[in-house]
1. When ligands, DNA and RNA are left out and all protein chains stay put, how many square angstrom of accessible area per residue does the chain have with a 1.4 Å probe?
2. May I ask for the net charge around Leu105, where only other residues with Cβ less than 15 Å from the Cβ of Leu105 are counted and Lys, Arg are +1 while Asp, Glu are -1?
3. Tell me the carbon and sulfur percent of the accessible area for the chain, rounded to whole percent, probe radius 1.4 Å.
4. Please give the net charge around Phe68, taking every other residue with its beta carbon less than 12 angstrom from that of Phe68, where Lys and Arg add +1 and Asp and Glu add -1.
5. Give the value in nm², to one decimal: projected area of the alpha carbon convex hull of the stretch 1-46, averaged over all directions.
6. With all protein chains present, calculate the accessible area of Leu106 using a 1.4 Å probe and round the result to the nearest 10 Å².
7. Can you tell me the FRET efficiency between Gln118 and Val56 if r is taken as the Cβ-Cβ distance and R0 is 25 Å, rounded to the nearest 0.05?
8. Would you compute the Debye intensity of the stretch 27-84 from its alpha-carbon atoms alone, equal scatterers and no solvent, and pass along log10 I(q)/I(0) at q = 0.14, 0.17, 0.28 Å⁻¹ to two decimals?
Amino acid sequence: QVQLVESGGGLVQAGGSLRLSCAASGRTFSGYAMGWFRQTPGKERESVAGIDWSGVSIYYADSVKGRFTISRDNAKNTVYLQMNGLKPEDTAVYYCAASLLIGRLLKGDYDSWGQGTQVTVSS
């Protein structure tokens with residue numbers, strides 16, 4: 001497994017931006033597909049975005065399309081989530097995850113998870 005540490009969360013006003021980072025260590029990062037998820041109390045953890053090992057195949061949840069951008073830098077063992085046009089409903093704990101599987105992955109396909117970073121968007 002790979003170890004993941006998220007950073008970059010915080011408090012921002014609606015319409016603002018944040019960039020989350022997820023630093024990986026322990027295994028060959030470039031071999032992993034990476035995903036960003038989020039969770040609010042009492043709700044299931046939901047997929048936000050995913051990116052394959054090469055950075056070519058990318059997908060987004062409909063709720064964030066056009067506002068969020070996932071990217072990765074394999075030389076830095078880091079995956080990013082640029083979040084623009086933030087809305088109060090984006091408030092959640094955001095998690096990154098890693099998987100050696102390919103294709104459009106589901107939550108259960110990821111076997112390494114970070115500890116999460118809180119994002120709070122005020123109205």
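The values are calculated or read from the model by the stated rules, or taken from the named source; none is laboratory data. For clarity, every value in this text was computed on a predicted model and none was experimentally measured. A quick note on method: Cβ atoms are made from the backbone with ideal geometry, for glycine too, and the neighbour counts reach across all protein chains shown. Calculation scope for accessible area: heavy atoms of the full protein, side chains included, ligands and nucleic acids excluded. Shrake-Rupley method; radii C 1.70, N 1.55, O 1.52, S 1.80 Å.
1. Details: 6210 Å² over 123 residues.
Result: 50 Å² of accessible area for each residue.
2. On the way: positive: Arg45, Arg72, Arg104, Lys107; negative: Glu46, Asp52, Asp109, Asp111.
Residues close to Leu105 contribute a combined charge of 0.
3. On the way: 3150 of 6210 Å².
Carbon and sulfur atoms account for 51 percent of the accessible area of the chain.
4. Values: positive: Arg19, Arg38, Lys65, Arg67, Lys87; negative: Asp62, Asp90.
Here the count lands on +3.
5. Working: hull surface 18.3 nm².
Averaged projected area of the stretch 1-46's Cα convex hull equals 4.6 nm².
6. 120 Å²
7. Working: r = 31 Å, r/R0 = 1.23.
Rounded to the nearest 0.05, the efficiency is 0.25.
8. -0.40, -0.56, -1.15
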